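The next block holds one structure in the form of structure tokens; read it before the comments.
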Amino acid sequence: MKHISLIAAGLIALAPAAWADTTFLPAQTDAEYLAKDHLIGAKVHGKEGTIVGDVEDLIINDQNQVVGVVMGTGGYLGWAEKKVGVDLASLKFEEKDGALFVSLPDLTKETIDSAPDFQRKKPAKSLFERAKEKVNEFSDKSKPQIDEAKKKAQEALDAAKEAAGPALEKAKEAVSGAIDTAKEAVGSKPEATPATPPADPAAPAPANP
């Protein structure tokens, strides 16, 4: 893929009138690249070709224009790393072996050591804050689907109740009829005649008159 400068790649925001009819970009063209794929994390090479840092973020002004990058340098695995802001015009972008090659041609270790630490306008978000934002983002995205699922489930329940209504009424009528029939059968049964106790063989026979 042919890499070009950030400005030519369209990272400068267009006026609303220019994109009003083309809000959505269906695909990435051969003349474009994604900052996350080729710029964020890219190694920055100094005057002698050695790596002096890596691009960690973009600096964007109130006109939505990329004016520079935040570069991390020094430290070990991110610890005690120095952050410096680099003007976009000072960076040189080239394509080498099919990859984006970023450099600061005049940068030396001495100049970068003497460069001021980049000052953020706002402190970096904590891991908890970022996780909370992700949860809220997921909730916002999934809420319409959840609401739609609840609606469909309620509709299915209502339909099931409506379909089962006649059968339930018939079942109630059948049970009620069976109970009434049982009550009538119990009420019409004749009373039992008391049985005559058997004669005691040891008792004397009644005298003849």
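In the stretch 125-181, taking the dipole from charged Cβ atoms about the Cα centre, the farthest positive-side position among Ile179, Ala153, Ser126 is held by Ser126. With K and R counted +1 and D and E -1, the other residues having a Cβ less than 13 Å from that of Asn61 yield a net charge of -1.
Length gained on full extension, Gln145 to Lys47, computed as 0.36 nm times the residue gap minus the Cα-Cα distance: 29.9 nm. By the rule of a C-alpha distance below 23 Å, with chain neighbours fewer than 8 residues away ignored, the lysines paired with Lys172 are Lys161, Lys183. Kirkwood radius and radius of gyration were both taken over the C-alpha atoms of the stretch 125-181, and their ratio Rg/Rh is 1.53.
For the stretch 16-120, the share of alpha carbon pairs falling in successive 10 Å distance bins from zero is 13, 41, 30, 12, 4 percent. Once the Cβ-Cβ distance of Glu94 and Val70 is raised to the sixth power relative to R0 = 22 Å, the FRET efficiency obtained is 0.60. The modelled label-to-label distance for the pair Glu162/Leu34, using points 7 Å beyond Cα in the direction of Cβ, is 4.6 nm.
Quick note: the coordinates plus some simple rules give every number you see, no bench work behind them. Given the structure is predicted, the values throughout are model-derived calculations rather than measurements. For neighbour counting, all protein chains shown are included, and Cβ atoms are generated from backbone atoms with ideal geometry for every residue, glycine included.
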